[in-house]
Amino acid sequence: MKRLSLVFVCILSLFKVSSQNLKDTLTVAYAPAPPFIIEDGELLEGINIWLWRRVAEDLEIPYKIKTMPFSDMLGALKVGEVDVSINPLTITSDRIKEIGFTRSFFASHSTVAVAEKSSFQKIRQFLGAFLHMNFLRGFLLLFIILLFFGFLTWLFERKHNPDDFRPGQKGIWDGLWWSVVTLTTVGYGDKAPKTRWGKVAGLGLMLSGLLFVSGLTASIASSLTVNQLTENIENFDEFKERRVGTVKSSSSYDFLRVHFFKEINQYPSVIPGLEDLKNQKIEAFIYDEPILKYRIRKDSTLNKLQLLPIKFDVQFYAFGIKKDSLDLQKRISQRILEIIETTEWEVVLAEYGLTEI
């Protein structure tokens with residue numbers, strides 16, 4: 001009887017140990033986010049994959065890994081369905097109320113991706129500049145000046161110089177021709193005023209034309225470059241009235257919403273958003289700079305997209321931890337800090353084209 005009881009106690013002990021080990025196995029979730037998390041078939045690689053494996057190995061943490069859509073992963077982490085998210089999560093004041101975070105291991109910015117203009121669009125933009133209101137107004141005023149001085153010269157010259165300034169409607173054309181040739185300094189010499197008052201009118205044309213042409217030149221230059229200046233945007237505020245996209249439930253979406261962007265399209269991941277940008281369904285895609293840069297560089301179908309030299313919304317990446325797992329959070333944070341202080345970490349970042357800001 002004693003022997004049977006001893007066997008029963010041993011079985012219970014083994015069951016208890018087995019259950020405890022199962023309970024201690026962490027559920028680690030991720031969503032693809034190259035270069036931090038890269039899925040290549042069944043192969044997982046990337047900066048965060050490398051970092052988590054090092055941490056788990058060094059701390060002897062048993063875990064099982066599963067993939068989830070980004071927004072679903074955040075929800076599962078908040079309610080405790082997963083223990084750790086190894087995505088490059090941005091630490092925000094809203095998230096930290098519901099999620100624990102490890103020590104930050106990388107800092108970055110948000111930026112703006114836009115589609116390059118085609119040759120046809122650039123030509124159309126250039127030609128459209130000539131229809132700009134400033135240019136049309138300047139051209140109309142120039143024509144009035146030429147017509148006025150041409151008509152005035154014709155009045156003075158028509159009787160004393162009929163060979164150059166013919167009578168009637170043909171003479172008015174002669175005056176306009178002479179004023180255009182004079183103002184443009186072509187100087188054909190086929191027509192010239194000979195009377196005193198005709199020369200005075202010519203002098204008035206030269207002086208007024210000199211002052212006006214400089215202003216008209218500036219107007220034309222402004223018309224030709226206004227659209228180009230619009231494209232060389234140096235502030236994300238320029239996109240507040242445009243159709244923009246970002247990843248659903250991301251910190252970039254929260255940033256755009258808080259800063260009053262009017263039309264924000266949300267996508268489950270980066271690729272669908274960049275595809276819509278390429279197809280001109282949106283005018284800009286706003287998200288984390290290292291992720292956008294890696295995607296555009298690696299995907300040949302996105303080679304018509306470019307990143308603007310705009311950086312805003314500094315972001316600190318960390319692993320997400322289930323709330324109230326303070327001991328686990330502390331242990332992982334300590335190990336992350338030790339790893340990122342090594343040259344090995346710098347080498348890993350360099351392999352994926354990243355450097356610390």
Original post:
Taking 0.36 nm per residue of separation and subtracting the Cα-Cα distance, what length does fully extending Gln280 through Glu346 add?
Top reply: 20.0 nm
Subject >> Cα radius of gyration and Dmax for the stretch 282-357 (Å) >> reply: 16.4, 47
Original post:
Once the Cβ-Cβ distance between Lys170 and Leu147 is put in as r, and R0 is 22 Å, what FRET efficiency do you end up with, to the nearest 0.05?
Top reply: 0.90
Original post:
Residue separation times 0.36 nm, minus the C-alpha to C-alpha distance between Thr67 and Ile264: what's the value?
Top reply: 68.3 nm
**OP:** Please give the FRET efficiency for Glu81 paired with Glu116, using the beta carbon to beta carbon distance and R0 = 51 Å, rounded to the nearest 0.05.
**Re:** 0.75
Original post:
If the cut-off is 30 Å between C-alpha atoms, which lysines fall inside it for Lys199, apart from same-chain ones fewer than 8 positions away?
Top reply: Lys159, Lys170, Lys191
Subject >> Pairwise centroid distance, computed over Cα atoms, of the stretch 296-357 with the stretch 42-85, Å >> reply: 14 Å
Original post:
How do 202-210, 236-244 rank on mean C-beta neighbours within 10 Å, highest first?
Top reply: 236-244, 202-210
Subject >> √(5λ) per eigenvalue of the Cα gyration tensor, the stretch 28-87, largest first, Å >> reply: 18, 16, 9
Original post:
Straight-line reach from Lys304: which lysines have a Cα under 26 Å away, not including same-chain ones fewer than 8 places off?
Top reply: Lys117, Lys122, Lys240, Lys248, Lys262, Lys278, Lys281, Lys293
Original post:
Computed FRET efficiency, Cβ-Cβ of Gln334 and Lys304, R0 45 Å: what is it to the nearest 0.05?
Top reply: 0.50
Original post:
Using a basic spin-label model with each label point 7 Å from the Cα along Cα→Cβ, how many nm lie between Glu57 and Leu211?
Top reply: 8.1 nm
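Taken together, the values in this text are just the output of simple stated rules run on the coordinates, not laboratory data. If you're wondering where the values come from, they're calculated on a predicted model, not measured in any experiment. Cβ sites come from the backbone with ideal geometry, for glycine too, and all protein chains shown count toward neighbours.
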